[in-house]
Amino acid sequence: MEQRVSLITLGVEDMEKAAAFYEALGWKRAESPDGVIAFDLISQTLGLYPLQALAEEVGLPVSELGKGGVSLSYNTRTKEEVAQVLAAAEAAGAEILKAAADVFWGGHHGYFKAPDGQLWEVAHNPFSELSDEGAFRWNGY
């Protein structure tokens, strides 16, 4: 298995409402078959899929999904962008869980919860500069 994540699938209650949230952040939909909404990212895709259908596919009740502690991270090019992205997320309907703040390891970050409950970190890591295209690598480009 190669070291990569190709697709991040979020189980959501209301597909159009969830898609509207990401579109309000400025993301553009990719063409996809009915029943799936996709947003191509840099080197991967974020997919929105009906929560009930996802539960049926994996063979678990809906109540079992979402119990794992997972956060998605969006890294910014500058420290100042963290607050800007958090503000955009809040304006789009997210709940801010942690305002932008310096972190003990030298970075700057905050957290929001998307309308369907997914946790997102917005971070600036001065030790992991993004590529020109915005790709992230642990020790930077």
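The values are calculated or read from the model by the stated rules, or taken from the named source; none is laboratory data. All of these numbers come straight from a predicted model, not from anything done at the bench. Using ideal geometry, Cβ is built from the backbone for each residue, glycine included, and neighbour counts are taken over all protein chains shown.
Key figures for this structure:
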read-out	value
All strands (runs of 3 or more DSSP E) inside segment 47-141 with 2 or more residues being surrounded by fewer than 16 Cβ atoms within 10 Å (Cβ to Cβ) and out of contact with any His (no Cβ under 9 Å at 6 or more places or on another chain)	71-75, 95-102
Check on Val85, under 23 Å from Ala19 (Cα atoms) and touching a residue at least 24 places away in the same chain (Cβ under 8 Å)	yes
Check on Thr45, assigned by TED's automatic domain parsing to the domain that holds Ala135 and either under 17 Å from the mean Cα position of the chain (by Cα) or hydrophobic (A, V, I, L, M, F, W, C) (or both)	no
Pairs where the first residue, in segment 11-40, is in a loop (DSSP other than H, G, I, E, B) and the second is not hydrophobic (A, V, I, L, M, F, W, C), C-beta under 7 Å, 6+ apart	Glu13/Asp116; Val36/Gly47; Val36/Tyr49
Some residue of segment 18-41 being β-branched (Val, Ile, Thr), outside the structural domain of Ser131 (by TED's automatic domain parsing), surrounded by fewer than 13 Cβ atoms within 10 Å (Cβ to Cβ) and more than 12 Å from Val122 (Cβ to Cβ)	no
